[in-house]
2 protein chains.
Amino acid sequence: MEFSSKLLQNAVYEMSQLPGIGKRTALRLVLHLLKQPEERTELLAHALLKLKSEVNFCKNCHNISDTEVCEICANPKRDETMVCVVEDIRDVMAIENTSQYNGLYHVLGGKISPMEGVGPQDLNIAPLIKKVKDGTIKELILALSSTMEGDTTNFYIYKQLEGTEVTTSTIARGISVGDELEYADEVTLGRSIINRVPFESSIKAN
Amino acid sequence: MEFSSKLLQNAVYEMSQLPGIGKRTALRLVLHLLKQPEERTELLAHALLKLKSEVNFCKNCHNISDTEVCEICANPKRDETMVCVVEDIRDVMAIENTSQYNGLYHVLGGKISPMEGVGPQDLNIAPLIKKVKDGTIKELILALSSTMEGDTTNFYIYKQLEGTEVTTSTIARGISVGDELEYADEVTLGRSIINRVPFESSIKAN
């Protein structure tokens, strides 16, 4: 793409560095900003700069937080013997939305992925192991994505915890609520049969 | 969506004001920036701010340009008796890519659209009429999108030019190159029959 203006070209280039934003979309977004009042661009730019420079991570669970210890970790009503291990803040938000969990979280900041050059040392795994060895935690729920990388990370953490007395569990894999059985893949369906639950407990969950 | 951080919430809100970017996509983009080195965010924010504050429009054709008169208008090899009227810079880039046009452009900056509150006074129509009335231009090619708004704008400009000696034309509507006839809509196919061209000229164009 050839541009008539270096300023425009530069803005489009930077915008297209975002994931899932191609050159054409970037141009559309930049032209939209150009048509809007100047405040719009300023608000966006300053919000991003402020977030990046002032962002703070909870020193306990590593979730994004404005305070030193996040609201969830600071809440005395939360069960601190239970920790749910997740990839990032989006997973915390998703689990909080279910209102089914009252423990704390531990945000890893990613998954082990040799393809993308992410090793265990790039994630918040060491602080998690330390926290477990320090005591208090009784159960660790591994709630990572059901992918190769998620499974690798789960297994790595599980191995690191050998010798400790913590109980580890993973969230259940099975047929999604509302799904037709005939369209489910065989691995999921197989796991859902192996890990079947007493009918009474499935009634209570609804 | 509830966020654990006001800074994050604010950045996501501003990002989601861009067209086609919902809250979830905005969160994904912002979290991506958070994972990248700080320079990435700074480069993006400063490129947008710089573009918005220093952007310049060619005083002749109103296209985005770093100089007072854009490269196309300043090129003496261009045919200044021919002006192609387009909506925005993307259309200029698209037509330039064809290498079939050697005249100048006039960028309107939008289309007349009562639904979006865009009237003729919001577009660069008055300077176009003035340019035509001043002389030099012999042919005006109306190259707006083939939509209700595009047709309205074409007609408005055509009406404003009554009494002048300029020739107005619109780009041909017809079957796209590579398209199957059976899938074309009837209006397009009808127009392509009415506006048929001598076979010899269609050979030369290829």
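Restricting the first member to the stretch A:19-39 and to residues that are basic (Lys, Arg), and the second to residues that are open to solvent by 70 Å² or more (accessible area, probe 1.4 Å) and assigned to a helix (DSSP H, G or I), the beta-carbon pairs closer than 9 Å and six or more apart or on different chains are A:Lys23/A:Tyr13; A:Arg24/B:Arg90; A:Arg28/B:Arg90. Kindly evaluate A:Glu165 against the criterion of being over 24 Å from the mean Cα position of the chain (by Cα) and not assigned by TED's automatic domain parsing to the domain that holds A:Ala94. Judged against the criteria, A:Glu165 is not a match. Here the stretch B:48-61 is the region considered, the condition is being hydrophobic (A, V, I, L, M, F, W, C) and at the interface with another protein chain (Cβ under 7 Å from one of its Cβ atoms), and the residue that is farthest from A:Arg90 (Cα to Cα) is B:Val55. A single member of A:Ala45, A:Ala74 is more than 7 Å from every other protein chain (Cβ to nearest Cβ) and either crowded, with 21+ Cβ neighbours inside 10 Å or farther than 30 Å from A:Glu14 by Cα (or both), and it is A:Ala74. Of the residues making up the stretch B:1-14, those that are more than 7 Å from every other protein chain (Cβ to nearest Cβ) and assigned to a helix (DSSP H, G or I) are B:Gln9, B:Val12, B:Tyr13.
Selection of strands (runs of 3 or more DSSP E) fully inside the stretch A:91-206 by the criterion of at least 2 residues being at pLDDT 90 or above, among the polar types (S, T, N, Q) and open to solvent by less than 80 Å² (accessible area, probe 1.4 Å) returns A:167-170. Restricting B:Ile125, B:Ile95, B:Ile141, B:Ile72 to residues that are touching a helix residue (DSSP H, G or I) at 6+ places or on another chain (Cβ under 7 Å), hydrophobic (A, V, I, L, M, F, W, C) and under 30 Å from B:Gly163 (Cα atoms) narrows the list to B:Ile125. Each residue in the stretch B:16-27 was checked for being in a helix (DSSP H, G or I) and at the interface with another protein chain (Cβ under 7 Å from one of its Cβ atoms), and 1 pass.
The values are calculated or read from the model by the stated rules, or taken from the named source; none is laboratory data. Bear in mind the structure is a predicted one, so any value in this text is a computation, not a measurement. Neighbour counts are summed over all protein chains in view; Cβ atoms, including those assigned to glycine, are modelled from backbone coordinates with ideal geometry. Side chains included, ligands, DNA and RNA excluded: accessible areas come from the protein's heavy atoms. Shrake-Rupley method; radii C 1.70, N 1.55, O 1.52, S 1.80 Å.
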